[in-house]
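Everything on this sheet refers to the single structure shown next.
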Amino acid sequence: MRNMITILSLMVLVGTEVFAAAIAAGWALAGLFDLGDTVGHILMALFSLLAAWIMFQLWQRAVKAEPFRPAR
């Protein structure tokens, strides 16, 4: 149970930062190069897909390092 809480807490903390950075990067690049709202939304979506892949990789590695074990 403790490992599960640790991993879920890690995922919430890192996930918030990763997705915020992805969305901010899409918004910043669209604004910097004056690409418009539509391209900005597309960039945000693409970077969010990258962030989701990063989170999936983190989940796999975290579960491998801290496997879920039943409470004794």
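The values are calculated or read from the model by the stated rules, or taken from the named source; none is laboratory data. On a predicted model such as this, the values are computed, not experimentally measured, just so you know. FYI the Cβ positions are ideal-geometry reconstructions off the backbone, even for glycines, and counts take in every protein chain you see.
In the set (1) touching a Gly at 6+ places or on another chain (Cβ under 7 Å); (2) not in a helix (DSSP H, G or I), Leu35 fails one condition alone, (1). In this structure, is Gly40 surrounded by fewer than 13 Cβ atoms within 10 Å (Cβ to Cβ) and either modelled with pLDDT of 95 or more or within 14 Å of the chain's Cα centre (by Cα) (or both)? Against the criterion (surrounded by fewer than 13 Cβ atoms within 10 Å (Cβ to Cβ) and either modelled with pLDDT of 95 or more or within 14 Å of the chain's Cα centre (by Cα) (or both)), Gly40 does not qualify.
Cβ-Cβ contacts under 6 Å between residues 6 or more apart (or on different chains), taken from a first residue in the stretch 25-45 that is aromatic (Phe, Trp, Tyr) to a second residue that is part of a helix (DSSP H, G or I), are listed as Trp27/Gly40. Could you go through the stretch 46-64 and let me know if any residue there is out of contact with any His (no Cβ under 6 Å at 6 or more places or on another chain), outside any helix (DSSP H, G or I) and at pLDDT 95 or above. No, because not a single residue in the stretch 46-64 is out of contact with any His (no Cβ under 6 Å at 6 or more places or on another chain), outside any helix (DSSP H, G or I) and at pLDDT 95 or above. So, Phe19, is that one touching a helix residue (DSSP H, G or I) at 6+ places or on another chain (Cβ under 6 Å) and either part of a loop (DSSP other than H, G, I, E, B) or loosely packed, with under 10 Cβ neighbours inside 10 Å (or both) or not? Spelling it out, it is not the case that Phe19 is touching a helix residue (DSSP H, G or I) at 6+ places or on another chain (Cβ under 6 Å) and either part of a loop (DSSP other than H, G, I, E, B) or loosely packed, with under 10 Cβ neighbours inside 10 Å (or both).
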